[in-house]
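I have placed the structure first, in the form of structure tokens, so that the comments after it can refer back to it.
The values are calculated or read from the model by the stated rules, or taken from the named source; none is laboratory data. All values reported here derive from a predicted model rather than from experimental measurement. Virtual Cβ from ideal backbone geometry, glycine too; neighbours counted across all protein chains shown. Please note that ligands, DNA and RNA were not included when accessible areas were found on the heavy atoms of the full protein model with its side chains. Shrake-Rupley method; radii C 1.70, N 1.55, O 1.52, S 1.80 Å.
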Amino acid sequence: KTTLGVKSNLNEIVNLGGQRKAVIFTESVRTQKYLADLLNNNGYDGKVVMMNGSNNDPDSREIYNNWLDRHKGTDIVSGSRTADMKAAIVDAFRSDSKSILIATESGAEGINLQFCSLIVNFDLPWNPQRVEQRIGRCHRYGQKIDVFVVNLLNRKNRAEERVYELLESKFQLFSGV
């Protein structure tokens, strides 16, 4: 059994020369926690890291404190807890021990994830530009393979369906150029 199709997509990415890394974006911390529990209970225990506006969970605090200890006295530590927490989470995700980053919108801004080639949009934001911003975290200079994007869509939700239609037409516009 695979969870969100992550396992099969990660295997395909590795076969193409990418790293076994996936970012799952969601709109809420509650959904983020649900997904982390689901993945941890289905073969990804200890391989999941979360990024949100507060990162008050015990795992994030441990990651942050270890990162601070490793970089104490260097200019890597900015002194801003928010910026340093993001740096610590990205650093942990980049390591071999983590495979999946589950992020709220705080993960869609100001971080570089060009070592990751799989994005899962668990829920689509109503602003299509935010979806492109999410993709832009991975689709950057230094990316080794094409970024795979999986958009989960509730076809019974007209707003989500419309966002998807807008994205699809926008990407079709670029495919002819």
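Can you work out which of the residues in region 26-41 that are assigned to a loop (DSSP other than H, G, I, E, B) and either open to solvent by 50 Å² or more (accessible area, probe 1.4 Å) or farther than 19 Å from ASN151 by Cβ (or both) is modelled with the lowest pLDDT? Spell out the reasoning first.
The first filter runs over region 26-41 and keeps only residues assigned to a loop (DSSP other than H, G, I, E, B), leaving 26-28, 41.
Within this subset, residues satisfying the condition of being either open to solvent by 50 Å² or more (accessible area, probe 1.4 Å) or farther than 19 Å from ASN151 by Cβ (or both) are 27, 41.
Values: GLU27: 90, ASN41: 95.
So the residue we want is GLU27.
Scan region 151-160 and tell me whether some residue there is in contact with a strand residue (DSSP E or B) (Cβ under 6 Å, 6 or more places away or on another chain) and not aliphatic (A, V, I, L, M). Checked region 151-160: at least one residue is in contact with a strand residue (DSSP E or B) (Cβ under 6 Å, 6 or more places away or on another chain) and not aliphatic (A, V, I, L, M).
Examine region 161-170 for a residue that is open to solvent by 40 Å² or more (accessible area, probe 1.4 Å), farther than 22 Å from ASN55 by Cβ and among the aliphatic types (A, V, I, L, M), and state whether such a residue exists.
Of all residues in region 161-170, those open to solvent by 40 Å² or more (accessible area, probe 1.4 Å) come to 161-162, 164-166, 168-170.
Now narrow it down to the ones that are farther than 22 Å from ASN55 by Cβ: 161-162, 164-166, 168-170.
Then drop every residue that is not among the aliphatic types (A, V, I, L, M), which leaves 166.
Looking for residues that are open to solvent by 40 Å² or more (accessible area, probe 1.4 Å), farther than 22 Å from ASN55 by Cβ and among the aliphatic types (A, V, I, L, M), one finds at least one in region 161-170, hence yes.
Can you tell me how many residues in region 52-85 are of a type in the set (A, V, I, L, M, F, W, C) and assigned to a loop (DSSP other than H, G, I, E, B)? Before you say what the answer is, go through the steps one by one.
Within region 52-85, the first condition is being of a type in the set (A, V, I, L, M, F, W, C), and the residues that meet it are 63, 67-68, 76-77, 83, 85.
Remaining after also requiring assigned to a loop (DSSP other than H, G, I, E, B): 76-77.
Qualifying residue count, region 52-85: 2.
From (1) modelled with pLDDT of 80 or more; (2) out of contact with any Pro (no Cβ under 7 Å at 6 or more places or on another chain); (3) more than 22 Å from ALA83 (Cα to Cα); (4) not in a loop (DSSP other than H, G, I, E, B), pick out the condition that doesn't hold for ARG130. Of everything listed in (1) modelled with pLDDT of 80 or more; (2) out of contact with any Pro (no Cβ under 7 Å at 6 or more places or on another chain); (3) more than 22 Å from ALA83 (Cα to Cα); (4) not in a loop (DSSP other than H, G, I, E, B), ARG130 misses just condition (3). Among the residues making up region 26-51, those that are within 22 Å of ASN112 (Cα to Cα) and in contact with a Leu (Cβ under 9 Å, 6 or more places away or on another chain) are THR26, GLU27, LYS47, VAL48, VAL49, MET50, MET51. Scanning region 114-121 for any residue that is farther than 21 Å from TYR34 by Cα, in contact with a Gly (Cβ under 7 Å, 6 or more places away or on another chain) and modelled with pLDDT of 80 or more turns up at least one such residue.
Quick grid of which residues meet (1) modelled with pLDDT of 85 or more; (2) open to solvent by 30 Å² or more (accessible area, probe 1.4 Å); (3) among the aliphatic types (A, V, I, L, M); (4) closer than 19 Å to GLU27 by Cβ:
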residue	(1), (2), (3), (4)
ASP75	yes, yes, no, no
ARG81	yes, yes, no, no
TRP126	no, yes, no, yes
VAL177	no, yes, yes, no
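Taking the numbered list (1) open to solvent by 40 Å² or more (accessible area, probe 1.4 Å); (2) part of a loop (DSSP other than H, G, I, E, B); (3) touching a Phe, Trp or Tyr at 6+ places or on another chain (Cβ under 9 Å) in turn, GLY18 passes all entries but (1).
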